[in-house]
Amino acid sequence: MILISFDTALNKTYVTLSKDGNILTSKIIENTEDNYHSAFLISTIKDTLKENNLTPNDINLIGIDVGPGSFTGIRASLTVAKVMAQELNIKIVPIESLKILSQLNKTNKDTLVATDARRSMTYVYTNNDNCIKLISIDNLKNKIKEKDYFIITDTSLSQICEIKNSLIYENENFDLGKILNELSLKEINNAINANELKALYIQPPPIFVKK
């Protein structure tokens, strides 16, 4: 099975290609002075396939990060995933970004992943609940006091909540693409059709009404 997974929901673009569970190529693309990282998604997918002497028709499955994350990034990857899945008649495995980040915990502590959702809200995931919840910043602070979690978060939320001893994923160079690829294989039974794919945005785009 050829699985291609890509993630533009967070602070970088990740494109990973695997065959029968073995990673063939994994690429990390950062922002440039002229372009947001997701602008390189299509070209990176093409290059990855070409380097492995494969074509889009060889792909059997797509794995994708559906968020929460940036509106621009998620929209880019969802659009590409939908078009590819429809054209190739294959399915997509949707994986939430906080579940991907939770895999960075290599300790025996329970995991708590939290990202800034704006407007004094935060998205939270714990391995005990195994689901993503939208809660207030104050509720997050109380939750952190409940037990000694291994906390994974972003720079913004770490500063807002003054979270100490947390892993700020943006400060490290983790290959989240490989994690997404592995989770996609594990959750292959949750694969969906392109028309079922939905996003988890950190914040919806503003709506302007003409007066």
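Looking only at segment 111-127, which residues are surrounded by 11 or more Cβ atoms within 10 Å (Cβ to Cβ) and not small (Gly, Ala, Ser)?
Answer for segment 111-127, where residues must be surrounded by 11 or more Cβ atoms within 10 Å (Cβ to Cβ) and not small (Gly, Ala, Ser): Thr111, Leu112, Val113, Thr115, Asp116, Met121, Thr122, Tyr123, Val124, Tyr125, Thr126, Asn127.
What number of residues within segment 130-174 satisfy the criterion of being surrounded by fewer than 16 Cβ atoms within 10 Å (Cβ to Cβ) and under 19 Å from the mean Cα position of the chain (by Cα)?
10
Which ones in segment 37-66 are outside any loop (DSSP other than H, G, I, E, B), hydroxyl-bearing (Ser, Thr, Tyr) and without any contact (Cβ under 8 Å) to a residue 12 or more places away in the chain?
Across segment 37-66, the qualifying residue is only Ser43.
From Ser156, Ser136, Ser166, Ser184, grab the single residue that is in the same structural domain as Lys91 (by TED's automatic domain parsing) and among the polar types (S, T, N, Q).
Numbers: Ser156 fails: in the same structural domain as Lys91 (by TED's automatic domain parsing); Ser136 fails: in the same structural domain as Lys91 (by TED's automatic domain parsing); Ser166 fails: in the same structural domain as Lys91 (by TED's automatic domain parsing).
Step by step, each of Ser156, Ser136, Ser166, Ser184 is checked, and only Ser184 is in the same structural domain as Lys91 (by TED's automatic domain parsing) and among the polar types (S, T, N, Q).
Looking for something modelled with pLDDT under 95, among the aliphatic types (A, V, I, L, M), within 15 Å of Leu183 (Cβ to Cβ) and outside any helix (DSSP H, G or I) - is there at least one such residue anywhere in segment 126-146?
Within segment 126-146 (the criterion being modelled with pLDDT under 95, among the aliphatic types (A, V, I, L, M), within 15 Å of Leu183 (Cβ to Cβ) and outside any helix (DSSP H, G or I)), the answer is yes, since at least one residue qualifies.
From the set of residues in segment 9-31 that are under 21 Å from Lys186 (Cα atoms) and surrounded by 22 or more Cβ atoms within 10 Å (Cβ to Cβ), which is nearest to the chain's Cα centre (by Cα)?
Only one residue tops the list, namely Ala9.
Within segment 19-36, which residues are part of a strand (DSSP E or B) and touching a residue at least 40 places away in the same chain (Cβ under 8 Å)?
Residues satisfying the conditions are Ile23, Ser26, Lys27, Ile28.
The values are calculated or read from the model by the stated rules, or taken from the named source; none is laboratory data. None of these values were measured; they are calculated from a predicted model. Here the Cβ is made from the backbone with ideal geometry for all residues, glycine too, and neighbour counts use every protein chain on show.
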